[in-house]
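A short worksheet on the structure shown next.
Readers should treat all values here as calculations from the given coordinates under stated rules, not as data from a laboratory. From a predicted model like this one, the values you see are computed outputs, not experimental measurements. Note: ideal-geometry Cβ built from the backbone for every residue, glycine included; neighbour counts use all protein chains shown.
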Amino acid sequence: MYYRRKILLALIEVFGGSLPSTDCEKLLFNFCQQTGKNHYDFFPYKFGPFSFLSYYDKRRMIDLGLLKKADDFQLSTKHSYLNELTPADKTALLKFKSQIGDLRGDKLVKKIYRDFPQYTSRSKIAGRHFSADEINQLQFAWNTDTKPGVFSIGYEGLTIDSFLHKLIANNITVVVDVRNNPQSMKYGFSKKSFKQYIESAGMKYIHIPELGIPSSMRKGLGESVSHKSLFKTYETKLLPNHETEIKQLIDLTNQSERIALVCFEADHNFCHRHTLIEHLQEHKSFKRAVIHL
């Protein structure tokens, strides 16, 4: 079992074996923040910090018979996962339980919002808990830059939640997937779920597969084929055949949007998106600043 799932089960265990969904999410977030360990990553969502991965794990653990099939997080096993944590994590979780006490519901949400205001930027319920002046104070932790621009980002090494957090922290409004074949072994990054999560987080998703590199061209990469020769082939033989898609992308960048070009590699120098951006910059109609995240 993934260790993060043991953390989640142990947290439910120490809080009595059953937690309402919102309380469980906020307690899990607070515990991760307090310990400085990203057992789960979170991003600003409709009701504050949220993790898609935690709900995926909930569904899997229901299938495994570890949680009950219910809206709340309810244990269906008497096995103690608290005792399967490392001594340090077990101690930290018990200490956290002692500190948080019986803080639940709106009081817990309000504490989270005050302690971590950067996670309130997309909240639809902040007005229920804070006055207009208090919300203005929370906004000091938000990135309010809406200047149109082009960004590039790879999801290598990121969870779907940390990836969304990075997009939202930079006020991205449109995600352009430039993978030729948007399938991934990483949870949340295959096209159907990826599109769903992007749109759920309040951004628009566009896929332009013609601007990706076919897997057949990547065969042997890192062995017989170098990145340099691959990107040269991409630049000279593939991109010239897709000027329609290039124009589509440039027209999109000329709108009042903050656009992120997305592929896998974390370092843009080892990803075709840096070659794509250099190609865009050769066009007189491309006028945006580019930032590699």
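In degrees, nearest 10, range 0 to 90: what is the angle between the Cα axis of helix 243-253 and the longest Cα principal axis of the chain? Result, in degrees: 50.
Here each label is just a point 7 Å from Cα along the line to Cβ, and for Lys90 and Ala266 those points are 3.2 nm apart. Taking the chain as a Gaussian network of alpha-carbon nodes connected by springs under 10 Å, the highest mean-square fluctuation of the residues Met61, Met203, Met185 belongs to Met185. Once the chain from Leu293 to Gln34 is taken as fully extended at 0.36 nm per residue, the excess over their C-alpha distance is 90.6 nm.
Counting only aspartates and glutamates at least 8 places from Lys111 when in the same chain, those with an alpha carbon closer than 14 Å to its own are Asp23, Glu25, Asp102, Glu134. Would region 1-58 count as rounded, prolate or oblate if I go by the C-alpha gyration tensor, calling it rounded below 1.5 in a/c and otherwise prolate when a/b exceeds b/c, oblate otherwise? Rounded. Residues within the reach of a label modelled at Lys78 (point 7 angstrom out along Cα to beta-carbon, backbone nitrogen below 20 Å), restricted to region 1-20, are 9-19.
Distance between the modelled labels on Gln118 and Gln196, one decimal in nanometres: 2.9 nm (7 Å Cα→Cβ projection). Applying the Karplus relation 6.51 cos²θ - 1.76 cosθ + 1.60 with θ = phi - 60° to region 73-79 yields 3J(HN,Hα) values of 8, 10, 5, 10, 9, 8, 5 Hz, where x marks Gly and Pro.
Can you tell me the orientation of helix 105-115 relative to the chain, as the angle in degrees between its alpha-carbon axis and the longest Cα principal axis, to the nearest 10? Approximately 50 degrees, to the nearest ten.
In the elastic network of the chain, a GNM with C-alpha springs shorter than 10 Å, the most mobile of Lys97, Lys237, Lys247 is Lys237.
Is region 149-292 rounded, prolate or oblate when judged by the Cα gyration tensor, a ≥ b ≥ c being the square roots of its eigenvalues, rounded requiring a/c under 1.5 and prolate requiring a/b larger than b/c? Oblate shape, in that a/c is at least 1.5 and b/c is the bigger or equal ratio. Shape call for region 1-110 from the C-alpha gyration tensor, a ≥ b ≥ c root eigenvalues: rounded (a/c under 1.5), prolate (a/b greater than b/c) or oblate? Rounded shape, in that the Cα axes give a/c under 1.5.
Could you work out [θ]222 nm for the chain from helices alone, using -39500 (n - 2.57) per DSSP H run of at least four and dividing by all its residues? Round to the nearest 500 deg cm²/dmol. The helix-only estimate for the chain comes to -12500 deg cm²/dmol at 222 nm. Ordered by the number of other Cβ atoms lying within 10 Å of each residue's own Cβ, fewest first, Phe189, Phe42 fall into the sequence Phe189, Phe42. Only one of [x] 0.95; [y] 1.15; [z] 1.00 was calculated from the structure for Cα Rg over 2.2 N^0.38 Å, and its label is [y]. Helix 52-63 and the long axis of the chain differ in direction by around 60°, with both axes built from C-alpha atoms.
Distance between the modelled labels on Gln183 and Thr233, one decimal in nanometres: 2.1 nm (7 Å Cα→Cβ projection).
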